[in-house]
2 protein chains.
Amino acid sequence: MFEKIALVGIGLIGSSLARVIAREKLARHVSISTRSPQTLARAQELGLGHSYSTSAAEAVKDADLVIVSVPVGSSGAVAEEIAPALKSGAIVTDVGSTKGSVIAQMSPHMPAHVHFIPGHPLAGTEKSGPDAGFADLFQNRWCIFTPLPGTDPAALAKLSEFWLRCGSNIDTMDPDHHDMVLAIVSHLPHIIAYNIVGTADDLQTVTKSEVIKYSASGFRDFTRLAASDPTMWRDVCLHNKDAILEMLARFSEDLASLQRAIRWGDGEKLFDMFTRTRAVRRSIIDAGQEIDAPDFGRQAMVHPEKQA
Amino acid sequence: MFEKIALVGIGLIGSSLARVIAREKLARHVSISTRSPQTLARAQELGLGHSYSTSAAEAVKDADLVIVSVPVGSSGAVAEEIAPALKSGAIVTDVGSTKGSVIAQMSPHMPAHVHFIPGHPLAGTEKSGPDAGFADLFQNRWCIFTPLPGTDPAALAKLSEFWLRCGSNIDTMDPDHHDMVLAIVSHLPHIIAYNIVGTADDLQTVTKSEVIKYSASGFRDFTRLAASDPTMWRDVCLHNKDAILEMLARFSEDLASLQRAIRWGDGEKLFDMFTRTRAVRRSIIDAGQEIDAPDFGRQAMVHPEKQA
């Protein structure tokens, strides 16, 4: 599909792209770049690409498609570094979870002779690094583009085709709306998860070992998101500040009202609040974005031989 | 192990007990009771026991072991109803998620000639009702007893043996400490999950369909706990109020501080907060209370044929 694809950043997303590109034969040559020599060496051991360099500028030479998969706080620096080396007509895209800030950081550096199309595959796990990636990461997940005015339709079509062949569904959105949507479906959940795990970790009345031992009664569900890459999430918080603060404010207001219902023993209000949320999960399962197995199907994996 | 076990309440916990009792041959006769004729009929269709009655008093006659598995708000009424029918020397236990309140509700009704031993198996899924149960629910989970002063050691030993044969690990705790521990490992997580799903459900700027479509980016993890039985959770909130309000206060303080770090762009503080929480999940996996597969192993179940 492409002669040469350059992957700038080879963490969970970059290394998953490398694997699906190889499996689906989407490029003749894949060049890989990351600033960390250790990570680059590991990517090479894993045989994720055809050429390897700690210089992003070196990696993007002659590439028809450049995919920047770095923490959003680094996208400006990467754009500045690769700009002079970009081939004319190349498509440059990213995978960042914040789009307004990435556009503000990258587009000023993008030469007129390339197609810069901001993108965001809504896919990931709590693991990070080149070993964490797998070819199926994007399967049945959404990839959202936030194209700038005047984007070449042919370039957008080609990039869409690429993500479709990676297994994704495609969507297009205004950057501000994307950042608002992600603040509620992704950023707030991660921040809340980090926070509750932190709260539990700080307790004196309840020991840490008790929190660990009894975590299956609910707490452990939060520890997955709270095990995500700290650098990535620090940058997301710093680069989607307004939308995140808006969602945090709404969450806190709602929590105060729930807390009041508990303090005043308002059983009817609690019952109503706890009832309507069931339908949301049902819809997510029906939309094919979740499996319809109790406990995320975890029981089955813990004791396969013991299933009733 | 017992001649006759009476199960008062046949929801997720009661019906899981019925299944493991049958599999492990822990009783010659299992009598099942629930107030709802429909639920009782369903339990009978499923062949969960040997005798069925909508009267708890009827069901507990001649039982050596009585297990009350009802929402904690109903435990007082159940205790009052079964008290006159209890066999001398019988062991009476419960599975409630709040122990101080259950003891206060049940013990006044318990005759001197029975052994009342409050218990709490830390096991469950987001599903409820007699169809949701499975024999493996208690496997490798903890069952916590909060025995009253002067509890007969022989009776406690026999009840412990029962839960061990159901697959549980055993612990003993002071009721107040139990309620504090559960407030953080179970009650707060459920309340927070219900709250964030409610917040997302209320948004106007982001449509409900967008929340559903893009939920795999984090939000869906919260929807599992938020799909739990509303009656059970209403009662938990009403019956462990003090411990829950204490944990909610700590959570909100921590969230305010995290929110401040976001507002002021304190990247170092955010990075530190997001780093220490990783270790907690690692410990839970090492303790055998979670599986060591990315995304709760969900990917594997969504596309088994496509795994990289």
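The values are calculated or read from the model by the stated rules, or taken from the named source; none is laboratory data. None of the values given here were measured: they were computed from a predicted structure. With ideal geometry, Cβ positions are generated from the backbone for all residues, glycine too; neighbour counts draw on all protein chains shown. Heads up: the accessible areas ignore ligands, DNA and RNA and are worked out on the full protein's heavy atoms, side chains in. Shrake-Rupley method; radii C 1.70, N 1.55, O 1.52, S 1.80 Å.
Inter-copy label distances at B:Arg282, using a point 7 Å along Cα-to-Cβ, come to 4.2 nm with the shortest given first. Let me make sure I get this right: for the stretch A:2-173, a, b and c are the square roots of the gyration tensor eigenvalues over alpha carbons, sorted descending. Under 1.5 in a/c it's rounded, otherwise prolate if a/b > b/c, else oblate. Which is it? Cα axes put the stretch A:2-173 in the rounded bin. Of all chain A residues, the one whose Cβ lies closest to the rotation axis that maps A onto B, given with that distance rounded to whole Å, is A:Phe296, 2. Could you tell me whether the stretch B:240-292 comes out rounded, prolate or oblate from its Cα gyration tensor? Rule is a ≥ b ≥ c as square roots of the eigenvalues, rounded for a/c under 1.5, then prolate if a/b exceeds b/c, otherwise oblate. Verdict is oblate for the stretch B:240-292. Put a dot 7 Å past the Cα of A:Lys25, heading toward its Cβ, do the same for B:Glu45, and the two dots end up 5.3 nm apart.
Quantify how much of the Cα-Cα distance distribution of the stretch A:1-77 extends past 15 Å, in percent. Tail of the P(r) past 15 Å holds 46 percent of the pairs.
Please give the charge dipole size of the stretch A:2-173, origin at the Cα centre, charges +1 on K and R Cβ atoms and -1 on D and E Cβ atoms. Round to the nearest 20 debye. Walk me through the numbers before you get to the answer.
On the way: 14 positive and 15 negative charges, 44 e Å.
I would put it at about 220 debye.
If R0 equals 30 Å, the separation of the Cβ atoms of A:Asn140 and B:Ala256 corresponds to a calculated FRET efficiency of about 0.20. Sequentially through the stretch A:246-256, phi angles give Karplus couplings (6.51, -1.76, 1.60; θ = phi - 60°) of 5, 5, 4, 5, 4, 4, 5, 4, 4, 5, 4 Hz, Gly and Pro residues having no value and appearing as x. Projecting 7 Å from Cα along the Cα-to-Cβ direction, the label point of B:Phe271 sits 5.1 nm from its equivalents in the other copies, listed shortest first. By a 1.4 Å probe calculation restricted to protein chains, A:Arg42 has an accessible surface near 80 Å², given to the nearest 10. In chain B, the calculated helix contribution to ellipticity at 222 nm averages -14500 deg cm²/dmol per residue, counting -39,500 (n - 2.57) for every DSSP H run with n ≥ 4. Sorted shortest first, the separations between the B:Gln44 label point and its copies elsewhere in the assembly read 7.4 nm; each point sits 7 Å from Cα along the Cα-to-Cβ line. A full extension of the chain between A:Lys269 and A:Asp201 corresponds to an added length of 21.4 nm, given 0.36 nm per residue minus the alpha carbon distance. About the centre of its Cα atoms, chain B shows a dipole size close to 560 debye [charges on the beta carbon of Lys, Arg (+1) and Asp, Glu (-1) only; nearest 20 debye].
Computed from backbone phi, the HN-Hα couplings of the stretch B:80-92 come to 4, 5, 7, 2, x, 8, 5, 6, 5, x, 5, 9, 10 Hz, rounded to whole numbers (Karplus: 6.51 cos²θ - 1.76 cosθ + 1.60, θ = phi - 60°; Gly and Pro given as x). Peptide B:46-52 is shielded by partner chain Cβ atoms: per residue, an average of 0 of them sit within 10 Å of its Cβ. Of the peptides B:153-160, A:128-135, A:112-119, B:115-122, the ranking by mean beta-carbon count within 10 Å, highest at the top, reads B:115-122, A:128-135, A:112-119, B:153-160.
The interface between chain B and chain A buries about 11200 Å² of solvent-accessible area in total (1.4 Å probe, ligands and nucleic acids excluded).
The share of C-alpha pairs in chain A whose separation exceeds 32 Å stands at 34 percent.
Quick one: grab the alpha carbon gyration tensor of the stretch A:162-308, order the square roots of its eigenvalues as a ≥ b ≥ c, and give me rounded if a/c is under 1.5, else prolate or oblate depending on whether a/b is larger than b/c. It would help to have the intermediate numbers written out before the result.
Details: a/c = 1.36, a/b = 1.12, b/c = 1.22.
Here the stretch A:162-308 falls in the rounded category.
Of all accessible surface on chain A at a 1.4 Å probe, what whole percent is carbon and sulfur?
Numbers: 5770 of 11020 Å².
Solvent-exposed carbon and sulfur of chain A make up 52 percent of the total.
Cross-link pairs exceeding 28 Å in C-alpha to C-alpha distance, out of A:Lys61/B:Lys213; A:Lys87/A:Lys241; A:Lys127/A:Lys241, comprise A:Lys61/B:Lys213; A:Lys87/A:Lys241.
Within the assembled protein chains, the solvent-accessible surface assigned to A:Lys87 is about 80 Å², based on a 1.4 Å probe. The angle between the Cα long axis of helix A:188-202 and the main principal axis of chain A comes to about 60°, on a 0 to 90 degree scale.
Largest first, how would B:Trp142, B:Trp233 line up by accessible area (1.4 Å probe)?
Working: B:Trp142 50, B:Trp233 10 Å².
Output order, biggest surface exposure first: B:Trp142, B:Trp233.
If R0 is taken as 45 Å, the Cβ-Cβ distance between B:Asn169 and A:Lys61 corresponds to a FRET efficiency of 0.15.
What is the mean number of Cβ atoms from other protein chains located within 10 Å of the Cβ atom of each residue in peptide A:175-188, rounded to a whole number?
Working: counts 0, 1, 3, 1, 0, 4, 9, 5, 3, 12, 13, 6, 4, 6.
Neighbouring Cβ atoms belonging to other protein chains average 5 per residue here.
In the assembled protein chains, A:Arg278 presents an accessible area of approximately 80 Å² (probe radius 1.4 Å).
With respect to chain B, whose longest principal axis is taken over its alpha-carbon atoms, helix B:267-286 is tilted by about 30°. Rolling a 1.4 Å probe across the protein heavy atoms gives the protein assembly as shown an accessible surface of 36 Å² per residue. Computed from Cα positions, the angle between helix A:153-165 and the longest principal axis of chain A comes to roughly 60 degrees. Averaged over peptide A:225-232, the number of partner chain Cβ atoms lying within 10 Å of each residue's Cβ comes to 6.
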